[in-house]
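Participant: My questions will all concern the structure given below.
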Amino acid sequence: MSASPYPLGLRLDGRRVVVVGGGAVATRRVPALLDAGADVLLVAPELTPALRARVDAGRLHWVPRRFVPEDLDGAWLVQVAIDDPMAAAAVSAVAAERRIFCVRADDRTAATAWTPAVTRHGPVTVAVLGGGDPRRAMTVRDAIRDLLAVRDTAPTRVRPDVEATTGATTGRVALVGAGPGDPELITVRGWRLLTEADVVVADRLVPGLLLDELRADVELVDASKVPYGPSRAQEEINRILVDRALAGAVVVRLKGGDPYVFGRGGEELLACAEAGVPVTVVPGVTSSIAAPAAAGIPVTHRGVAHEFTVVSGHVAPDSPASLVRWDALAGLRGTLVILMGLKNLAAITATLIAHGRPPQTPAAVVQEGTTGAQRVLRATLATVAADTLAADLRPPAVVVVGDVVGALDG
Ligand SMILES: C[S@@+](CC[C@H](N)C(=O)[O-])C[C@H]1O[C@@H](n2cnc3c(N)ncnc32)[C@H](O)[C@@H]1O
């Protein structure tokens, strides 16, 4: 039995590392070497496009030929990333002669150093060696990564947490985007946090199936049933988040789409920060892009639209409370995506037309996009409001205006 490996963290900043080979293995290894600040010399007659892009960007040196012993002059480490065992052994032999550690992709038993499976969390790097079995190393690494991701409270901590300042035990809040409706469109991180939560405060628009899968002991607060008017209700939701977290709970505030797209996520973050509660924000797939996509409408398309604008239509264009320059939007050529706009759709479309957007501009309405109940209506800017009424389309729905509406039609 061979001796156990001796683990080390190599500090490669500014140090020469030679990579021999320009194929798939080198493509996977080089980014981590560059990340560690290594001065990478790549020796290979040919490169993958990804490696070539790094060479073109000046990130590493490339010698476009086969290996010669002088390539190891000044090297601290060599990575052999070629399949040819004879050529690989020749590089190993030169490395051994010069007492340079050598990683071998083709034959780990012939290597003098092994690459561990790695996961990084802020300043912490976890490296796992699987006793000669890379799959075992990856399995253990994945388990540790999952554990650390769940416990990870580092992002967006705007204030020191209560534990740090008072010694009391505190929980934390995660503002998680649940995606547009299809339960599979939550992010991996969002899902992990949900499985860890003690309390989930959920909006009306979050996919019901996500809630179905919560542990039985999770306290579920339905934010849409919080009494009072909209602004008092928001205060009440903020209070629930803060109180539960200060009592030690892991709280997930689950919001439809993305928390910061008309989601009042910013207000909740500030309320938690004010109370010294650590907050993590997990972005979500927003309905403003996903609902059109689910209806076959890309919000940008080459040669059709070079911009898209997402706007809320919940305030009528002529209302003094409106913050939207509808006249300016009418002058844009690109895609306009209107959320919460059904109630004011007739006034919105009339305003856009009055300020110059052509009435025949294609338009579409997507109701409950990405869900099994999705409905799609196609019309023009001139007709979309009346057609929506006639078809009895209802919120939640997005309205898309622009030539992208027909861009993928055959
Ligand atoms: C308060 S906003 C929240 C938006 C959300 N934060 C997001 O990023 O998708 C609610 C509006 O989003 C739109 N919306 C949300 N989910 C939708 C879906 N599945 N299909 C169409 N529109 C949706 C509707 O315009 C709805 O009135």
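Participant: So what's the angle, to the nearest 10 degrees on a 0 to 90 scale, between helix 265-274 and the longest Cα principal axis of the chain?
Facilitator: 70 degrees
Participant: Using a 7 Å offset from the Cα along the Cα-to-Cβ direction at both Val126 and His61, what is the distance between the two label points in nm, to one decimal?
Facilitator: If labels sit at Val126 and His61, their model points lie 3.8 nm apart.
Participant: Another question about this same structure. Would you kindly derive the ³J(HN,Hα) couplings of the range 286-298 from the backbone phi angles with the Karplus curve 6.51 cos²θ - 1.76 cosθ + 1.60 (θ = phi - 60°), listing them in order in whole Hz, with x for Gly and Pro?
Facilitator: Each residue of the range 286-298 in turn: 7, 5, 5, 9, 6, 5, x, 4, 5, 9, x, 10, x Hz.
Participant: Continuing with this model, one more query. For Thr48 and Val188 in one chain, what is 0.36 nm times their gap in residues minus the Cα-Cα distance, to one decimal in nm?
Facilitator: Answer, rounded to one decimal: 47.4 nm.
Participant: Moving on to the next point. With the chain treated as a Gaussian network of Cα nodes joined by springs under 10 Å, which of Thr109, Thr300, Thr380 yields the largest mean-square fluctuation?
Facilitator: Residue with maximal mean-square fluctuation among Thr109, Thr300, Thr380: Thr109.
Participant: Out of Ile240, Ile100, Ile353, any idea which swings most in a Gaussian network model of the chain, alpha carbons joined below 10 Å?
Facilitator: Ile100
Participant: Given the rule -39500 (n - 2.57) for each run of at least 4 DSSP H residues, summed and divided by the residues of the chain, what is its mean residue ellipticity at 222 nm, to the nearest 500 deg cm²/dmol?
Facilitator: Rounded to the nearest 500, it is -9000 deg cm²/dmol.
Participant: Hey, another quick one. Exposure proxy check: Val281, Val91, Val118, Val218 ranked by fewest other beta carbons within 10 Å?
Facilitator: Val118, Val218, Val281, Val91
Participant: Taking the Cα-to-Cβ direction at His301 and at Asp392 and moving 7 Å from each Cα, how far apart do the two end points lie in nm?
Facilitator: Placing both labels 7 Å along Cα→Cβ, they lie 3.1 nm apart.
Participant: For the chain, just say rounded, prolate or oblate: build the C-alpha gyration tensor, square-root its eigenvalues into a ≥ b ≥ c, call rounded for a/c under 1.5, and beyond that prolate if a/b exceeds b/c, oblate if not.
Facilitator: oblate
Participant: So if I place +1 on the C-beta of Lys and Arg and -1 on the C-beta of Asp and Glu, and nothing else carries charge, what would the dipole magnitude of the chain be about its Cα centre? I want it in debye, nearest 20.
Facilitator: For the chain, the charge dipole is close to 640 debye.
Participant: Need the C-alpha centroid separation for the range 347-391 versus the range 228-255, integer Å.
Facilitator: If we compute the Cα centre of each part, the gap is 36 Å.
Participant: Could you check the simple spin-label distance between Asp217 and Thr112, using points 7 Å along Cα→Cβ, in nm with one decimal?
Facilitator: With each label point 7 Å from Cα toward Cβ, the separation is 5.3 nm.
Participant: Karplus couplings for the range 329-340 from phi (6.51 cos²θ - 1.76 cosθ + 1.60, θ = phi - 60°), rounded to Hz, Gly and Pro as x?
Facilitator: For the range 329-340, the Karplus curve yields 4, 4, x, 7, 8, x, 8, 10, 10, 10, 9, 6 Hz.
Here, each number is a calculation from the coordinates, and none is a lab measurement. Every value quoted in this text rests on a predicted model; they were computed, and no experiment measured them. Because the Cβ atoms are built from the backbone with ideal geometry, glycine has one as well, and the counts that use them run over all protein chains shown.
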